[in-house]
Amino acid sequence: DTGVSQNPRHKITKRGQNVTFRCDPISEHNRLYWYRQTLGQGPEFLTYFQNEAQLEKSRLLSDRFSAERPKGSFSTLEIQRTEQGDSAMYLCASSRTGSMDSPLHFGNGTRLTVT
Amino acid sequence: QKEVEQNSGPLSVPEGAIASLNCTYSDRGSQSFFWYRQYSGKSPELIMSIYSNGDKEDGRFTAQLNKASQYVSLLIRDSQPSDSATYLCAVRSGFGNEKLTFGTGTRLTIIP
């Protein structure tokens, strides 16, 4: 049972550049979530997909952020025109559908540093 | 008021003692509750989930839920140094709202 895989593990970029992260969920999971976590805080919800449909997006999420899951398998999160405030750990998680019991299983995260 | 509140700690507990971690939530309609452990620089890993009022035990861990008081707790018996981590409480509000909302976490240190 392979877990959730995220790439890259670390990304350093200059302010104003675009970055893209990839997440491969657990194969039988059809829900996929993106969270962001900064030091000393809990994970903050960004968006989630069921299969290829993006069902919810945080109201706090800037329009510089976009996520896709074109074939209902892997997902990408793109941040355009990065700002220093975007520096954080970006976590992807997946879960099964159909039950309130389904926990989220997290990947190892992508740590973004914007200089 | 935050949706999910936890005491950020740090909470220090002697090795072998019981560690008690608490969490309150604001949405009375919340259906399911999860405890995650997060080591420094790592991603959260699931410890336990609970959906019904009362206690649920799994090894050294016991989750307690009181929906009337909007309160969920995690007890760790026979605390070990390897239990030193940040413990995150997460709440799923209800059907049609599938995301988990996390608290800020409680940092636990087990003192040998």
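Of the strands (runs of 3 or more DSSP E) entirely within the range B:1-103, those holding at least 1 residues that are basic (Lys, Arg) occupy B:32-38, B:54-58, B:85-94, B:97-102.
I'm trying to understand the selection: among the residues of the range B:1-26, which are of a type in the set (D, E, K, R) and closer than 20 Å to residue A:104 by Cα? Please lay out each step first, then the result.
So in the range B:1-26, the residues of a type in the set (D, E, K, R) come out as B:2-3, B:5, B:15.
Within the range B:1-26, B:3, B:5 qualify.
Quick one: which of A:31, A:59 is of a type in the set (D, E, K, R), in contact (Cβ under 8 Å) with a residue 40 or more places away in the chain, within 14 Å of chain B (Cβ to nearest Cβ) and out of contact with any Pro (no Cβ under 6 Å at 6 or more places or on another chain)? Being of a type in the set (D, E, K, R), in contact (Cβ under 8 Å) with a residue 40 or more places away in the chain, within 14 Å of chain B (Cβ to nearest Cβ) and out of contact with any Pro (no Cβ under 6 Å at 6 or more places or on another chain) holds for just one of A:31, A:59, which is A:31. Suppose we keep only residues that are modelled with pLDDT of 95 or more and of a type in the set (Gly, Ala, Ser) within the range A:1-39. Which one would you say is farthest from residue A:68 (Cα to Cα)? Here the residue is A:16.
The combined condition, being part of a strand (DSSP E or B) and more than 23 Å from residue B:46 (Cα to Cα), is fulfilled by residue A:21. Residues in the range A:87-115 that are over 11 Å from residue A:12 (Cα atoms) and outside any strand (DSSP E or B): A:96, A:97, A:98, A:99, A:100, A:101, A:102, A:103, A:104, A:107, A:108, A:109. Of the residues making up the range B:28-70, those that are among the hydrophobic types (A, V, I, L, M, F, W, C) and either in contact with a helix residue (DSSP H, G or I) (Cβ under 6 Å, 6 or more places away or on another chain) or in contact (Cβ under 8 Å) with a residue 24 or more places away in the chain (or both) are B:33, B:34, B:35, B:47, B:48, B:61, B:63, B:65. The single condition among (1) in a loop (DSSP other than H, G, I, E, B); (2) open to solvent by 40 Å² or more (accessible area, probe 1.4 Å); (3) modelled with pLDDT of 95 or more that residue A:42 does not meet is (2).
Would you say residue A:53 is closer than 30 Å to residue B:40 by Cβ and either free of Cβ contacts under 8 Å to residues at least 40 places away in the same chain or within 12 Å of another protein chain (Cβ to nearest Cβ) (or both)? Let's see the steps before the verdict.
Values: closer than 30 Å to residue B:40 by Cβ: no; either free of Cβ contacts under 8 Å to residues at least 40 places away in the same chain or within 12 Å of another protein chain (Cβ to nearest Cβ) (or both): yes.
No.
In this structure, is residue B:101 in contact with a Leu (Cβ under 8 Å, 6 or more places away or on another chain), of a type outside the set (Gly, Ala, Ser) and touching a residue at least 40 places away in the same chain (Cβ under 8 Å)? Considered against the rule, which asks whether it is in contact with a Leu (Cβ under 8 Å, 6 or more places away or on another chain), of a type outside the set (Gly, Ala, Ser) and touching a residue at least 40 places away in the same chain (Cβ under 8 Å), residue B:101 comes out as no.
Among the candidates A:45, A:74, A:65, which residue alone is within 12 Å of chain B (Cβ to nearest Cβ) and either of a type in the set (Lys, Arg) or without any contact (Cβ under 8 Å) to a residue 60 or more places away in the chain (or both)? Outline the logic, then answer.
Working: A:74 fails: within 12 Å of chain B (Cβ to nearest Cβ); A:65 fails: within 12 Å of chain B (Cβ to nearest Cβ).
That would be A:45, the only listed residue that is within 12 Å of chain B (Cβ to nearest Cβ) and either of a type in the set (Lys, Arg) or without any contact (Cβ under 8 Å) to a residue 60 or more places away in the chain (or both).
In the range B:81-112, the residue that is surrounded by the fewest Cβ atoms within 10 Å (Cβ to Cβ) out of those that are over 22 Å from residue B:4 (Cα atoms) and more than 17 Å from the chain's Cα centre (by Cα) is B:112. Of the numbered conditions (1) more than 30 Å from residue B:56 (Cα to Cα); (2) part of a loop (DSSP other than H, G, I, E, B), residue A:54 fails exactly one; give the number of that condition. Unmet for residue A:54, out of (1) more than 30 Å from residue B:56 (Cα to Cα); (2) part of a loop (DSSP other than H, G, I, E, B): (2).
The values are calculated or read from the model by the stated rules, or taken from the named source; none is laboratory data. None of the values given here were measured: they were computed from a predicted structure. Neighbour counts are summed over all protein chains in view; Cβ atoms, including those assigned to glycine, are modelled from backbone coordinates with ideal geometry. These accessible areas exclude ligands, DNA and RNA; they are computed on the full protein's heavy atoms, side chains included. Shrake-Rupley method; radii C 1.70, N 1.55, O 1.52, S 1.80 Å.
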